[in-house]
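Colleague: Before we start, here is the structure in question, set down as C-alpha cells.
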Amino acid sequence: MNPLNVENIKYLNSPITVLKGIGPKKALLFNRLGIYTVLDLLYFLPRKYEDRRTIKKISQCSPGEVCCIKIVPTRQIIERRIKQKLSLFLLYGTDGEESITIKWFSAPFAKPKIKSRMEYIVFGKMIGTKTGKEFELRCIEPADDMKNTGAIIPLYPSTSGLTSKTIADAVETAYLSNPILLECIPKNIVDDFKLFEINSAIHTLHKPKDFISLETSRRRLAFEELFVLQLALFRLKNMRKVKFANVINTTDKIREFASFLPFELTDGQKNAINDISADLKSGKPMNRLIQGDVGCGKTAVASAVIYGVCKNGYQAVFMAPTEILAQQHYANLVKIFEGRLNIALLTSSVKNKAKIIDEIKNGDYDLVIGTHAVLEEKVEFNNLALSVTDEQHRFGVNQRAVLNSKGENVHVLVMSATPIPRTLSLILYGDVDVSVIKTKPFGRQKTDTFHINSKIRERAYGFLRKEIEKGRQCYVVCPLVEESENFDAASVNEIYEEITSKFLKGLKVSVVHGKMKPSEKDEIMAKFKNGETDVLVSTTVIEVGVDVSNATVMLIENAERFGLSQLHQLRGRVGRGSEKSYCILVSDCNNENSEKRMKIMTQIDDGFEISSKDLELRGSGEFFGTRQHGLPELKVANLFSDIDILKEAQKAATNAIETDPQLKEDKWVFIKSRIDTLFERLENDNIFN
C-alpha cells in the first residue's frame, strides 16, 4: 500500500466513529482526550507500561511486589456490599503449593465470572498481613486466553467513562486496516541520527515486545517533537532579526544609578545589567528573560535598566499582576530614585486616573507602574521604549501583546522566579536571550525548613504562637479553598475554623484565596503587610505576593500536594527581613515520591537545584505548564532526561536552516504544516510576544 494512497490518508483523517464499537456518545469521551480522528488515536501514546510477562509462584512474590501469579480458584467469589454502588470481592485460590486470598473493590455489576478447576492469571500487588499473604487484584483472565497479562501492557491517560483498556482496544481496531503513517522527517535525518521509522515506532509504543525497542521508539517520537519545536523557534528568531529598535546607550546612566543605591549590586545582578545594556545598544528589539531565584534581586536589575532608558529621554512601563504588588513596586522605586524620575502609578482604583492618562500621553512621566489598567486602549505613551513585566506568567498572552504594542518595536524585559537549569533554558528559549541571577543579595538569610507529620501539628502551631508573641507574623498555606469529597486535603476554610477555635485562639487571623475578588484579596494582603493581622491563611495565591519582612514562619498543610518549585516559591515569602525565618512542611507522606520531595526541601535551598529535582521527579509537562511558559505541551519528550535528544534535535534543525532557510525542498513538505501550526501557537502563546 502506498503511504500517499488517497484511501489511506482518508482513513487516517476519518473521525474515530469509523472504528467498530465507537459510536457518537463514546466518541465524545475520546474527544475529551483530544482524540477526534484515527490519526489522533494512533498518536495518543501510553503514559506508562506494566511488565506482566513473568508469572511467578506465590512463594516467589515479596510483600509490596507487583506481579502475575497463576491460580486455580478453590471456591466462588464472595461479595461483601460496602455501599449501594461498591462491593468488596474476595477470591480464594491456590497455585498448587500455596493458597492466597485475592481481594478488590468494585461496583457490584463488575463481578467477573469464575469457573472452578480452571487456571487464571492474576495481576496485582502482593501485600503482607499478620495472618499471611494477600493479593490486591488489578486484572484477572483465563490462562488459556491471555490478552492483558503475559506481555508488556500499555496504560493510557483516561477520563471518566473511558478506561485505558477501552483505548487500547480502539487502537487495536484501528490497526486492523493496516494504516501507514506519513514520515515527516527527511530520510537523511532519520539515517544520520539512527531513528526508528515512524510506523515501527508508533506500533511499538502501542504494543511493545521488549523495553529496548520501546525506548528506541520513544526516542524517535521525542526527537520528532523537539525537532519541530526547534524549527519553529528558529523561524521566530529569524523574523525578529529584521526588526529595528531605538539604540539606547545606558552605560553612564546605570553607573550613576549604582552610585546612589544604598547597597552593592551582586555579581549576578551586574552581569544581567551588562547583558541588557548590550541588547539596548544593538539596534534590534531586546527580547530578554531574567531568571532568578526568590529574592535574588531581579527588581533592582529592572530598576537600573529603567533608569538608564528614562535618562536617555524615553518612557518605560513596569507592569505587575496585582494592585498591591504594583503599589509595592511604586513605593520602592520612588524611594530608590529619590525624585530623579517622574513616576506614575496607574491602577483601576487610583485617583485622578483621567488626568494621569493625559499626562502619560504628554510625556510628563518617565516611568509608569501599573496593573492591567495600563493596557486600556485610552492609555497612550509619548515615547515608550522599554516594557518590563514582573511575574510574567500571571498575565495572559493578549495582555502582554497589547502592552508591547504601545510603542514602536519596544524593548522587552520579563522576569521569572521559576529557575530553570541554564543549559536547558538556553536550548528551550532558542529565540530569546536569557540572563540568570544565581547569587542572592548580601544579608539574605537562609530559611530553615522542617518536615513534620500531622501527629505533631499542634506543637507546630504552638511555635507559630510563640513567634507571634514576639511580634512576628505567619503564613499558613492550604491546597484547597473548600473541603472536597475527591481530595483528602486541608482547605483554608476548615483550617481557619480549626486554628481560630483551637491552636491560635484569640489571635488576629485572616483568609485569602483565589475565589475572592481582586480588590478583596488586595485589601486583606494590605492589612497583613501593615501588621493588622497576625496570621494569613491562604491558598497558593500568595506564591507571588508582597514583601512582608515581619513574616517569619510559613506553615504548609498537606505539603505533598505541591510541586517542589511551588513549595520553594511559597517558602520565599518568608526570610525577607532581618529575623530568623522558618518553613514547616506538614505531610503524612504516603509514597516514595512525596518523601523524596520533603527531603529535598529540608536539605536544599538553591532554587535552580530544586527546579532540576522537580523536573526530574514530575517531568516537563507538569513542571512547565503550556500556558505559563509559552511552550507547546510535550507529549513524549522529557526535558530533564532527554537533554541529549534535545541537543541532537537542535543540531539537526540548525543544519536544516543553514542549508535550506525557507525549507523549500520537497522533503520538507510533510513537516512544514506541523511547523506552521506550532509557529502560530508560539507566536500567540509565547511569553515574549
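Bear in mind that the values in this text are calculations on the coordinates, not laboratory data. The structure displayed is predicted, hence computed values, not measured ones. Note that each Cβ is placed from the backbone with ideal geometry, even for glycine, and that neighbours are counted across all protein chains shown.
Colleague: Shape verdict for the range 448-604, please, from the Cα gyration tensor: rounded (a/c under 1.5), prolate (a/b greater than b/c) or oblate.
Modeller: Values: a/c = 1.38, a/b = 1.22, b/c = 1.13.
Because its axes are fairly even, with a/c under 1.5, the range 448-604 counts as rounded.
Colleague: On to the next question. Arranged from highest to lowest average of other beta-carbon atoms within 10 Å per residue, in what order do the peptides 264-270, 318-324 appear?
Modeller: 318-324, 264-270
Colleague: Pull out a ≥ b ≥ c, the square roots of the eigenvalues of the alpha-carbon gyration tensor of the range 63-104, then state rounded if a/c is under 1.5, prolate if not and a/b is larger than b/c, and oblate in the remaining case.
Modeller: Verdict is oblate for the range 63-104.
Colleague: Still on this structure: Starting from the Cα of residue 353, draw a straight line to each of the aspartates and glutamates and keep only those under 16 Å, dropping any in the same chain fewer than 8 residues away.
Modeller: Result set, ordered by chain and number: 323, 364, 376, 377, 380.
Colleague: Taking the mean number of other Cβ atoms within 10 Å as a proxy for protection, how do you rank 529-536, 297-304 from highest to lowest? Let's see the in-between values first.
Modeller: Working: 529-536: 19.1, 297-304: 23.9.
Peptide ranking by packing, descending: 297-304, 529-536.
Colleague: On to the next question. So for the chain, taking the charge dipole from beta-carbon charges (+1 Lys/Arg, -1 Asp/Glu), which of 382, 500, 526 sits furthest toward the positive end?
Modeller: With unit charges placed on the Cβ atoms, the residue in question is 500.
Colleague: Can you flag which of 298/440; 438/580; 85/147; 455/502 are past 18 Å Cα-Cα?
Modeller: In this structure, 438/580; 85/147 lie more than 18 Å apart at Cα.
Colleague: So how do 202-209, 516-523 stack up, highest first, on mean other-Cβ count within 10 Å?
Modeller: 202-209, 516-523
Colleague: For a quick check: sort 48, 406 by the number of other beta carbons within 10 angstrom, fewest at the front.
Modeller: 48, 406
Colleague: Also, quick follow-up: Would you order 538, 62, 587 from fewest to most other beta-carbon atoms within 10 Å of each residue's own beta-carbon?
Modeller: Exposure proxy ranking, most exposed first: 62, 587, 538.
Colleague: Then there's this: Give the label of the value calculated from the structure for Cα extents along the principal axes in Å, choosing from (i) 152, 51, 51; (ii) 91, 73, 42; (iii) 134, 58, 47.
Modeller: Identified label for the calculated read-out: (ii).
Colleague: Also, quick follow-up: In a shell of Cβ-Cβ distance under 13 Å around residue 67, excluding residue 67 itself, what net charge do Lys and Arg (+1) and Asp and Glu (-1) give? Mind showing how you got there, number by number?
Modeller: Details: positive: 52, 53, 56, 57, 70, 125, 133, 138; negative: 50, 51, 65, 95, 136.
Combined, the nearby Lys, Arg, Asp and Glu give +3.
Colleague: If you don't mind, another one. Rounding to the nearest 20 debye, state how big the charge dipole of the chain is about its Cα centre with +1 on each Lys and Arg Cβ and -1 on each Asp and Glu Cβ. List each step's numbers first, then the result.
Modeller: Values: 97 positive and 88 negative charges, 247 e Å.
Taking the Cα centre of the chain as origin, the dipole is about 1180 debye.
Colleague: Moving to a separate point now. Rounded to the nearest 5, what % of DSSP beta bridges with both residues in the chain are antiparallel?
Modeller: Bridges in the chain that DSSP calls antiparallel: roughly 40 percent.
Colleague: To the nearest 20 debye, what charge dipole does the range 448-604 have about its Cα centre, counting +1 at the Cβ of each Lys and Arg and -1 at the Cβ of each Asp and Glu?
Modeller: It comes to approximately 580 debye.
Colleague: Excluding residues fewer than 8 places away in the same chain, name every one of the lysines whose C-alpha is closer than 18 Å to that of residue 521.
Modeller: Straight-line reach from residue 521, under 18 Å: 508, 529.
Colleague: Still on this model: Any chance you could check the Cα centroid distance between the range 498-530 and the range 100-154 for me, in angstrom?
Modeller: 51 Å
Colleague: Rounded to the nearest 500 deg cm²/dmol, what is the calculated helix-only ellipticity per residue at 222 nm for the chain, with -39500 (n - 2.57) per DSSP H run of length n ≥ 4?
Modeller: -11500 deg cm²/dmol, from helical runs alone.
Colleague: Leaving out same-chain residues fewer than 8 places away, which lysines sit with a Cα under 17 Å from that of residue 664?
Modeller: Of all the lysines, those that pass the test against residue 664 - Cα under 17 Å, at least 8 places apart if same chain - are 187, 672.
Colleague: Projected onto the charge dipole of the chain (+1 at Lys/Arg Cβ, -1 at Asp/Glu Cβ, origin at the Cα centre), which of 196, 350, 142 gives the Cα projection farthest towards the positive end?
Modeller: Value computed over the given set: 142.
Colleague: Antiparallel versus total DSSP beta bridges in the range 54-150: what percent is that, nearest 5?
Modeller: Approximately 85 percent, going by the DSSP bridge assignments.
Colleague: What number, in percent, do you get for the relative contact order of the range 448-604 if the mean sequence gap of Cα pairs under 8 Å and at least 6 apart is divided by its residue count?
Modeller: Values: 285 pairs, mean separation 48.8, N = 157.
Result for the range 448-604 is 31 percent.
Colleague: Another question about this same structure. Would you mind ranking 537, 414, 509, 6 by Cβ crowding within 10 Å, fewest neighbours first?
Modeller: 6, 509, 414, 537
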